Amino acid sequence: MQDPLVVVEKIVARHRDTPGAAIPILQGIQNKLGYVSPLFLQKVAELTDIPASDLYGIVTFYSQFRLDPVGRNHVQICHGTACHLAGAEKVTDVLEHETKTSCGCTSADKEYTLEKVACIGCCSLAPVININGKIHGHLTAEKTKKILKGITREKDEGEKG
Amino acid sequence: MNDTIYIVKIGLASCGIAAGATSVYQTFEAQMDRDHVSLIPTGCLGVCYCEPLVEVISPSGESVLYGNVTPKDAQQIMEQHINQGMVVQHLLAFPQDREDPEWDYFNKQTRFALQNCGVINPEDINSYTDAGGYQGLKKSLMLGPELIIKELEQAGLRGRGGAGFPTYRKWQLTRQAVGKPKYVVCNADEGDPGAFMDRSILESDPHSVIEGLLIAGYAIGATQGYFYVRAEYPLAIKRLRIALDQVRAAKLLGTHILDTDFSFEIDIREGAGAFVCGEETALLMSIEGRRGMPRFRPPYPAEKGLFHCPTAINNVETLANVPRIMYQGHAAYSKHGTEQSKGTKVFALAGKVNRGGLVEIPMGMNVNELVFAIGGGISTGKPFKAIQTGGPSGGCIPAELGETPVDYENLAQIGAIMGSGGLLVMDEDTCMIDVAKFFLHFAREESCGKCTFCRIGTEKMLQILTRISQGEGKPTDIQVLADLGQKIQVGSMCGLGQSVPNPVLTTLKYFRQEYEAHIDAGICPAKQCKSLIDYQIVTETCRSCNLCVISCPVKAISGKKGQAYQINETTCVRCGLCLDSCRFNAIRVTSLPTKHTEATTEVI
Ligand SMILES: Cc1cc2nc3c(=O)[nH]c(=O)nc-3n(C[C@H](O)[C@H](O)[C@H](O)COP(=O)(O)O)c2cc1C
């Protein structure tokens, strides 16, 4: 695997001419590496004239940024209004219970990261969750459990095969 | 065109894809007879409640809509409809008779901003130009800035981002402002939970917004435009990028556009998950690479905006209207709507409504018509209680005010706002304290923290609402909430603080008795507040099938085969999972004994 700091260097170089580049740089890093660690922030500060404190300020202001890596399955639970009315809390309860993780955390086996997010704009499918970029809608407790079972099965098969 | 060709359109916007439209598309693609079928991926037709949606247009021009289509259904449509010319009746999303009330979903709408959504291929510029695309730009470049602004003034277009500021005025001010360079920014941050108008437009018709931004840039004398799009909208961003590459290749973007002196560039900036960045000054801070903290206005961005230069910021829907107004003339727009609110408005209809989706109505249509004629009424079959417009900044409108016309003036008068277009329908089972709490929770999380009243006031209000929902409200709480809400409004600098007390203030105004029931009697009339309800097993109907036991996360249910089960109310966390799992209606939600009766028991 490539040295993460080299990746950071490349991303910074790509944004040399972008006005107000801090956020696109940090987004680039998170897209490539999955998170923005304090070490990466330090590196960005060295390569640009943006103080590390500013970068840290940005990372902690915007909810998109993560200072730690996510688990293998990144589960975003929509808490938009429609999802709330349709039972997002229940879905959250099931997910927390089944993965033994609480929202905002990653499970001990690094299998799941649960995250509450604001509306993902699929209100007519409420309640919805987004697992690794795929949206699952009209969830019930049963359906949510089934989806998780599917993931575990896939993983087991992957490990066998 | 070959007169034996069938056109098949499949909606591939986010909600369609989430519902499984991609595999339906692939089924058609793999199995259709290419000589007789032309397959077109489109965006969102707005009929979200029966996605995946497939439209089949026969060689004679007759169109039918199939809903909830699976890959297997797709095969049947190919075999029966396309090969044999017979409509597959049981898959129809709408009856064949266009006069049927179900068609009111479309018949009552006026699709202006959405005219191409679900109709054209969003990833193909030719599909857009065939529908009249970029004609508005051509005409604008001939008319010149002054006449463009005049045209928008006559059209009466007002900003669709929430505030309703006249668009022509914003452009005029930015045009007149001194300072160079000038910028135009498209606000696609759409942070209101429950709103997806802008996402749908960008996914279904990105060129219309780009064309609007180009016209804006030309009218105010800008050289650079930005799209600020929420990061949660990856498909919208992808389609915008594709569209921008296409306009660049078609020389509609870059230097000397259409052989004029007008040169213009567009960049995309992704939001990073902060609701407050929808506010214009915060948005500009974010593009500048800083924390998105709103600043005091004036100076308005028109004078001093991005990088301290004059900047016009417009919402996605506002911009999508512009090329149509320019091409079709101001009258095509201003003939819709009311005296002061011209044109149409797109709403994202969601919640407990039968036909949820994206709808565009002429301003002035009343709430009942929107909920019942277009939305098809309440999905649960229970009584209609209220709608909520404008998300966390908005207010609720009770069913009694269902005759209220939807326009800026009338909504403001009853304490709600038009907002950006989120419209949530609520039934009897919705607890208004829960709704107010939900929005306030959102507000507290999203307050940037700059103004004390917004930062701490929302926290305090949330604490009070929480205690009310737990049956521990105090008689003075209602007054404190009203007072604090009003103070947050006047004590906050930006629109966030100024508007987030609205959900509480309007529920207080229209559903005061519900607050009183929680506070005085400890009852949640909608039976939603967990601390005020109990789950019980109905002994007569329970068949001890064990499903609830399996579903319970805290093992609060026990029982023996052949006997009714029981719920241990001390362990029970009131998550309601048992209720969902029960197939025999044997679980019931009850209110706890009221405070009043408890008090009497104590006396005895
Ligand atoms: C807290 C807050 C959030 C906002 N969010 C949005 C938004 O998501 N989209 C939007 O277009 N306008 C939003 N606005 C309104 C913008 O500040 C601005 O008025 C609008 O983009 C102007 O465009 P328009 O004149 O075309 O409506 C928001 C305002 C506030 C105070």
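Any read-out appearing in this document is the output of simple, stated calculations on the displayed coordinates, not a laboratory observation. Owing to the predicted nature of the structure, the values given are computational and were not obtained by experimental measurement. Counting neighbours? That spans all protein chains shown, and the Cβs are built from the backbone with ideal geometry, glycine included.
Rounded to the nearest 5, what is the percent of antiparallel bridges among the DSSP beta bridges in chain A?
Working: 7 of 13 bridges.
Around 55 percent of the beta bridges assigned by DSSP in chain A are antiparallel ones.
So how strong a dipole does region B:6-98 carry about its Cα centre when Lys and Arg Cβ are +1 and Asp and Glu Cβ are -1, to the nearest 20 debye?
I would put it at about 140 debye.
Mind checking the log10 I(q)/I(0) for the protein assembly as shown at q = 0.08 Å⁻¹? Debye, one equal scatterer per Cα, no solvent, two decimals.
Debye output, listed in q order: -0.70.
For region B:238-382, what size does the Cα cloud have along each of its three principal axes, sorted from largest down, in whole Å?
Principal extents (Cα only, largest first): 55, 39, 34 Å.
Starting with the highest mean, order B:231-242, B:422-433 by the number of other Cβ atoms within 10 Å, averaged over the residues of each peptide.
On the way: B:231-242: 19.5, B:422-433: 24.5.
Top to bottom by mean Cβ count within 10 Å: B:422-433, B:231-242.
For a quick protection proxy, order the peptides B:41-50, B:312-321 by their average other-Cβ count within 10 Å, most packed first. Spell out each step's value before the answer.
Numbers: B:41-50: 25.3, B:312-321: 28.1.
Answer by packing, highest mean first, reads B:312-321, B:41-50.
Could you tell me, in Å, what Rg and Dmax come out for the Cα atoms of chain B?
My reading of the Cα-based Rg and Dmax gives 26.6, 92 Å.
Roughly how large, in nm² to one decimal, is the mean projection of the convex hull of the alpha-carbon atoms in chain A? Walk me through the intermediate numbers first.
On the way: hull surface 44.2 nm².
For chain A, the mean projected area of the Cα convex hull comes to 11.1 nm².
Please compute, for peptide A:110-121, the average count of beta-carbon atoms on other protein chains lying within 10 Å of each residue's beta-carbon.
5
Calculate the mean, over all residues of peptide A:74-84, of how many other protein chain Cβ atoms lie within 10 angstrom of the residue's Cβ.
Taking all residues of A:74-84 together, the mean is 6.
Which ordering of B:Lys182, B:Lys139 is given by a fewest-first count of other beta-carbon atoms within 10 Å?
Taking fewest neighbouring Cβ atoms as first place, the list is B:Lys139, B:Lys182.
Please work out the C-alpha center-to-center distance from region B:558-590 to region A:115-161 and express it in whole Å.
Result: 26 Å between the Cα centres.
Starting from the amide H of B:Thr42, placed 1.01 Å from N in the peptide plane, find each other amide H under 5 Å away whose residue is 5 or more places distant or on another chain.
The answer is B:Ile10, B:Gly11, B:Leu12.
Measuring from the lowest to the highest alpha carbon on each principal axis, how far does region B:78-124 reach, largest first, in angstroms?
Here the spans come out as 36, 34, 13 Å, largest first.
Counting other beta carbons within 10 Å of each residue's own, what order do B:Met326, B:Met197 fall into, fewest first?
Ascending Cβ contact count within 10 Å gives the list B:Met326, B:Met197.
Hey, could you get me the Stokes-Einstein D for region A:21-63, Kirkwood radius over alpha-carbon pairs, 25 °C and 0.890 mPa s, rounded to whole µm² s⁻¹?
In µm²/s, the coefficient is 242.
In whole Å, what are the extents of region A:73-160 along the principal axes defined by its C-alpha atoms, from largest to smallest?
40, 21, 21
Can you figure out the FRET efficiency of A:Lys10 with B:Thr223, using R₀ = 22 Å and their beta-carbon distance, to the nearest 0.05?
In this case the efficiency is close to 0.15.
In whole angstrom, how far apart do the alpha carbon centroids of region B:374-390 and region B:326-347 sit?
Centre-to-centre (Cα) distance: 27 Å.
Reported to two decimal places, what Rg/Rh ratio describes region B:448-604 when computed on Cα atoms with Rh from the Kirkwood expression?
On the way: Rg = 20.2 Å, Rh = 18.1 Å.
Result for region B:448-604 is an Rg/Rh of 1.12.
Given H placed on each backbone N at 1.01 Å, which residues far from B:Val37 in sequence or on other chains put an amide H within less than 5 Å of it?
Hits under the 5 Å cutoff: B:Tyr6.
Only bridges whose two residues both fall in the protein assembly as shown count here: according to DSSP, what percent of them are antiparallel, nearest 5? Provide the component values of the computation, followed by the final result.
Values: 43 of 76 bridges.
That works out to approximately 55 percent antiparallel.
Can you give the FRET efficiency for B:Asp267 and B:Val589, using 1/(1 + (r/R0)^6), R0 = 45 Å, r = Cβ-Cβ distance, to the nearest 0.05?
Given R0 = 45 Å and the Cβ-Cβ separation, E is 0.30.
Using per-residue counts of other Cβ atoms within 10 Å, averaged over each peptide, order A:74-81, B:60-67 from highest down.
A:74-81, B:60-67
Which whole number gives the average, over all residues in B:356-364, of C-beta atoms from other chains lying within 10 Å of the residue C-beta? Kindly include the intermediate steps, with their values, before the conclusion.
On the way: counts 5, 2, 2, 0, 0, 0, 0, 0, 0.
Mean number of neighbouring Cβ atoms from other chains: 1.
Taking only the alpha-carbon atoms of region B:125-333, what semi-axes of the equivalent ellipsoid follow from 5 times the gyration tensor eigenvalues under a square root, in whole Å, largest first?
Values: eigenvalues 109, 79, 54 Å².
Taking √(5λ) for each Cα gyration eigenvalue gives 23, 20, 16 Å.
Regarding region B:377-431, what is the average projected area of its C-alpha convex hull, in nm²?
Mean orientational projected area (region B:377-431, Cα hull): 3.8 nm².
For a footprinting-style exposure proxy, rank B:Ser492, B:Ser263 by other Cβ within 10 Å, fewest first. Could the numbers behind the result be given before it?
On the way: B:Ser492 24, B:Ser263 14.
Arranged by neighbour count, lowest to highest, B:Ser492, B:Ser263 become B:Ser263, B:Ser492.
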